[in-house]
Amino acid sequence: MGIGLCRTEHMFFSPERLPIVRRWIFHTECLDDLDHIKHFQRSDFKDLFVAMNGKDVTIRLLDPPLHEFLPRPEQVHERVAEECGFGTDVKRMLARIDSMHEENPMLGLRGCRLGIVKPEFTQMQVEAIMSAAADFLEESPEAKPHPRIMIPLIGSITEYKNQALIIKSEAERIRSERGIDV
């Protein structure tokens with residue numbers, strides 16, 4: 001027994017985390033928000049590895065359907081606009097939400113497609129997973145974290161190879177830097 005599927009996007013619906021994720025979605029060039037997301041994940045993953053010590057934990061890389069993270073237009077007011085990096089410009093935020101509308105959000109820019117368009121997104125998640133496992137091993141030498149990484153919404157071998165290369169490269173970097181075999 002272990003965790004068959006950890007849906008990581010559900011880690012971000014808490015009131016203190018959601019504005020940071022929204023800010024990153026709206027302003028993907030902002031690496032500070034991506035760094036915050038990485039720290040949230042690293043902490044959460046370590047807790048998972050501690051709780052599941054010795055058991056497999058299958059972690060699906062973030063698969064955020066935008067409509068689940070973005071506020072609905074009627075929820076946008078100055079405070080929300082400010083939290084999301086638009087100052088008090090509600091109109092600009094509403095225009096950005098409208099520009100991100102997808103006819104079928106379940107097939108939109110998410111899963112592996114998001115990782116292909118923004119490879120730093122995949123790198124960040126793998127760093128969080130592998131660093132959390134390494135943190136646990138450093139604190140408890142008898143620890144046995146067993147992370148398994150699932151790439152969501154693969155539609156072709158090309159997509160798989162793209163993401164697998166990033167995952168393997170980032171995992172190897174963490175192993176090498178930390179001197180720990182996870």
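Listing for the model above:
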read-out: Per residue value of the accessible surface for the chain (all protein chains in place, 1.4 Å probe), Å²; value: 53 Å²
read-out: Reachable aspartates and glutamates, given that their alpha-carbon falls under 15 Å from the alpha-carbon of Lys168 and they are not under 8 places away in the same chain; value: Glu120, Glu127, Glu159, Glu177, Asp181
read-out: Eligible lysines near Lys46 by straight Cα distance, threshold 18 Å, same-chain separation 8 or greater; value: Lys38, Lys55, Lys144
read-out: Counted charge near Arg175, where neighbours are those whose Cβ lies closer than 12 Å (Asp, Glu -1; Lys, Arg +1); value: -2
read-out: Cα-only radius of gyration and Dmax that characterise the chain, units Å; value: 17.3, 55
read-out: Per-peptide average of other Cβ atoms within 10 Å, ordering 49-58, 127-136 highest first; value: 127-136, 49-58
read-out: Where labels lie 7 Å past Cα in the beta-carbon direction, separation of Met106 and Ser14 in nm; value: 3.0 nm
read-out: Whole-percent carbon and sulfur share, accessible surface of the range 121-182, 1.4 Å; value: 52 percent
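The values are calculated or read from the model by the stated rules, or taken from the named source; none is laboratory data. Here the structure is a predicted model, which means the values were calculated and not measured. Using ideal geometry, Cβ is built from the backbone for each residue, glycine included, and neighbour counts are taken over all protein chains shown. Just so you know, the surface numbers come from the protein's heavy atoms only, side chains and all, with ligands and any DNA or RNA stripped out. Shrake-Rupley method; radii C 1.70, N 1.55, O 1.52, S 1.80 Å.
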